[in-house]
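Contents: one structure, followed by commentary.
The values are calculated or read from the model by the stated rules, or taken from the named source; none is laboratory data. Owing to the predicted nature of the structure, the values given are computational and were not obtained by experimental measurement. When we count neighbours, we look across all protein chains shown, and the Cβ atoms used for this are built from the backbone with ideal geometry, even at glycine.
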Amino acid sequence: MRKMLHRFGYTVLYGLSLLPLPVWYGLADILFILLYYVVRYRRNVVAQNLMQCFPEWSVRKRRNLEKKYYRHLADLIVESLKALSHSRRQVVLRCGFSECAVELFSRLQEEGRHCIVLMGHLGNWEWACHSMSLQFRFLLQPVYQPIQSPFFDFVFLRLRSRFGVVPISTDRVARQLLQMPDRLTCTVLIADQSPQPQQAKWVPFFHRLTAFHSSGLRLALRSGHPLVYAVVRRIKRGRYLIDAQRLDASAADEAKLLVRFTSLLESDIRKDPSQWLWSHRRWKHQPVQEPAGSTH
């Protein structure tokens with residue numbers, strides 16, 4: 001019975017996703033008002049995060065950024081729903097790759113190298129995975145954490161499985177990375193999520209020590225796969241550009257690679273802070289160890 005209800009709910013959402021994108025953006029404008037002014041969804045969390053990350057800014061400047069963030073969040077929600085039915089042409093047209101990214105991934109393809117991509121919650125990462133699967137020959141494997149709601153877990157798993165993408169859950173990452181499949185794989189890790197303190201590495205990030213997962217870096221070093229940092233930049237509403245660069249893991253350890261990733265991520269967030277996921281309780285834990293890369 002539950003599966004039937006999930007399929008019915010998914011069918012309804014899929015039917016709604018067929019609405020043209022301009023209609024969805026009109027709904028996003030209304031959703032912004034609901035999230036920001038009516039529901040006030042995690043307003044305190046966002047305000048506190050921005051105050052601690054941009055203490056040098058005026059109150060008015062941080063408030064303007066709050067509003068920009070909630071507009072982005074509303075767009076991200078409707079764009080995710082649209083992704084249930086958007087066409088191959090729409091994906092490629094609205095989410096492209098920089099010349100550097102094309103050159104990098106094309107070279108890895110030609111060399112026959114599996115790769116691991118590290119990303120943050122910037123821009124629209126769902127569209128980015130679809131676009132990469134369509135424009136390169138890799139079997140794309142985004143790592144995902146199952147959602148507590150069975151219905152939304154079902155919906156997002158269907159969404160993330162489009163265009164040949166094969167999502168893998170966090171408990172299968174190690175086995176998946178260390179085996180050698182016949183087809184070239186690209187494993188995507190959204191690596192700025194907050195782990196439990198006992199399982200975290202602590203690195204400087206926006207003026208304070210912050211917990212990060214390091215298991216992906218550890219597996220990358222063990223597997224020997226090339227490691228890539230990628231960022232999704234918003235060009236304008238409904239248009240994104242994916243940029244990427246190789247992270248040199250040949251002479252680096254886990255701690256140094258993690259510091260390098262967080263440094264690149266913070267730099268990209270500062271370029272357009274409205275595009276990061278500020279409503280996440282990113283600093284809810286306190287440090288329990290020396291920072292990664294510490295010489296003490």
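Residue count for region 274-296, restricted to those that are surrounded by 12 or more Cβ atoms within 10 Å (Cβ to Cβ) and modelled with pLDDT of 85 or more: 9.
Condition first: farther than 25 Å from Glu110 by Cα and modelled with pLDDT of 90 or more. Can you find one or more residues in region 178-190 that meet it? Among the residues of region 178-190, at least one is farther than 25 Å from Glu110 by Cα and modelled with pLDDT of 90 or more, which makes the answer yes.
Which residue out of Lys82, Lys61 is more than 18 Å from Arg40 (Cα to Cα) and crowded, with 21+ Cβ neighbours inside 10 Å? From the options Lys82, Lys61, the qualifying one is Lys82.
Among Ser169, Ser133, which is the only one that is in contact (Cβ under 8 Å) with a residue 24 or more places away in the chain and closer than 22 Å to Ser215 by Cα? Full working, then the answer.
Numbers: Ser133 fails: closer than 22 Å to Ser215 by Cα.
Just a single option satisfies the conditions, and that option is Ser169.
When Phe152 is tested against (1) of a type in the set (A, V, I, L, M, F, W, C); (2) free of Cβ contacts under 8 Å to residues at least 24 places away in the same chain; (3) under 16 Å from Cys129 (Cβ atoms), just one condition goes unmet, and that condition is (3).
Of all residues in region 37-44, none satisfies being surrounded by 19 or more Cβ atoms within 10 Å (Cβ to Cβ) and either among the aliphatic types (A, V, I, L, M) or at pLDDT 95 or above (or both).
Screening Ser194 against (1) of a type in the set (Ser, Thr, Tyr); (2) surrounded by fewer than 17 Cβ atoms within 10 Å (Cβ to Cβ); (3) modelled with pLDDT of 90 or more leaves a single unmet condition, (3). Filtering region 204-219 down to residues that are within 18 Å of the chain's Cα centre (by Cα) and not β-branched (Val, Ile, Thr), which residue is surrounded by the fewest Cβ atoms within 10 Å (Cβ to Cβ)? Only one residue tops the list, namely Ser215. The set of residues in region 5-17 that are of a type in the set (A, V, I, L, M, F, W, C) and surrounded by 11 or more Cβ atoms within 10 Å (Cβ to Cβ) comprises Leu5, Leu13, Leu16.
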